[in-house]
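Quick notes on the structure that follows.
Each reported figure results from applying straightforward, stated rules to the coordinates on display, with no laboratory input. Computed from a predicted structure; not experimentally measured. Cβ sites come from the backbone with ideal geometry, for glycine too, and all protein chains shown count toward neighbours.
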Amino acid sequence: MPASPLLHHHVAGPAGAPPLVLGPSLGTSEAVWEPQLPSLARRFRVLRFDLPGHGGSASGVLPDPEPGRTTVGDLASLVLSLADHHGWDRFHYAGVSLGGAIGAHLAARRPDRVASLTLVCSSAHFGPAEPWHERADLVRLKGTAPLLDTSPGRWFATDDFAATPFGRRLLGDLADADPVGYAACCDALATYDLRPDLAAIRAATLVVGGTLDTATPPAHARELAEGIPHAELKTLVCGHLAAEQPQALERLLTAHLSSARGTADPSLRRADST
């Protein structure tokens, strides 16, 4: 039988370095991690992936693209398939928003796979289901174009940031997203609620909240940090994607990875298949 399709992804960094997976937010691509990549790829084997229907990932990677069927667990399984493809039994993980939710799900349900966890402007529960289903229905009907006027206010701390090269790049990813995959990710967020399972996370965890984040306000970061045993909470003056503070985010992530148990442990990695 042919192998199941994989999420589009890129791998950078030394072949023998500990693996680090970076997850993007809804509406963005792996580009959301571009500012941090050069530094991280000096010490880690960094894998950045695109969500279904985003960037280079086809919506066809979804196990069931029908409305209401996709869960965060499904997206997490796609990430595990990437790790398996590269021969990684364990890996460090960092994700923004939905990308963070995928990592938290993995850390709670597959603790054997996650060596450390970083959650950036994420949440254990992204609010009531109905608004997410309504957004999914809108996108299935009209594409992502109706979201382009309101997304800068959700993503960035100031309207001016949307006009920067990086802001335009991220909004371009949203404009280009396939409606089927984007809507399926909305369905996943609608049913996501990891609050009862936060205590099951044993990986060394860093939670980064944005003081100007209106999509997942600081209370969401506090809830994660209080629910995950021994989690460390840090805040940045930034909006939902932490795009305004790339160097500060890089410093926090690098310090966390350096202190996380197993960062330099060769057993974290089997031979890379590429």
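Summary value for the chain: 25 percent relative contact order, contacts being C-alpha pairs under 8 angstrom separated by 6+ residues.
A full extension of the chain between Ser4 and Thr254 corresponds to an added length of 86.7 nm, given 0.36 nm per residue minus the alpha carbon distance.
Note on Ala15 and Ala58: their simple-model spin labels are 2.9 nm apart, each label 7 Å out from Cα toward Cβ. Phi angles of region 25-41 translate, via the Karplus equation with coefficients 6.51, -1.76, 1.60 and θ = phi - 60°, into HN-Hα couplings of 8, 4, x, 10, 10, 4, 4, 4, 9, 4, x, 8, 4, x, 5, 5, 6 Hz per residue; Gly and Pro are given as x.
Taking label positions 7 Å along the Cα-Cβ direction at both Leu148 and Ser81, the computed distance is 3.1 nm, reported to one decimal.
Put simply, the amide H of Val21, placed in the peptide plane, has neighbours under 5 Å in Leu47, His92, Tyr93, Ala94, leaving out anything fewer than 5 places away on its chain. The largest-to-smallest principal axis extents of the Cα set in region 149-195 are 33, 26, 16 Å.
Phi angles across region 129-145 convert, under the Karplus curve 6.51 cos²θ - 1.76 cosθ + 1.60 with θ = phi - 60°, into 3J(HN,Hα) values of 5, 4, x, 5, 5, 5, 5, 4, 5, 4, 5, 4, 7, 10, x, 8, 3 Hz, Gly and Pro given as x.
Once you have a ≥ b ≥ c as the square roots of the Cα gyration tensor eigenvalues for region 191-266, tell me rounded if a/c is under 1.5, and otherwise prolate or oblate according to whether a/b is larger than b/c.
It is oblate, given that a/c is not under 1.5 and a/b is not larger than b/c.
The alpha carbons of the chain stretch over 49, 48, 38 Å along the principal axes, in descending order. Model label points for Arg202 and Thr214, set 7 angstrom from Cα along the Cα-to-Cβ axis, are 4.2 nm apart.
In region 118-274, the C-alpha radius of gyration followed by the widest Cα-Cα span (Dmax) gives 17.4, 49 angstrom.
Can you give the calculated 222 nm mean residue ellipticity of the chain, where each DSSP H run of n ≥ 4 adds -39,500 (n - 2.57) and the sum is split over every residue, rounded to the nearest 500 deg cm²/dmol?
Details: 9 runs with 98 residues, N = 274.
So the helix-based figure for the chain works out to -11000 deg cm²/dmol.
Taking the centroid of alpha carbons for each part, region 199-243 and region 8-31 are 20 Å apart.
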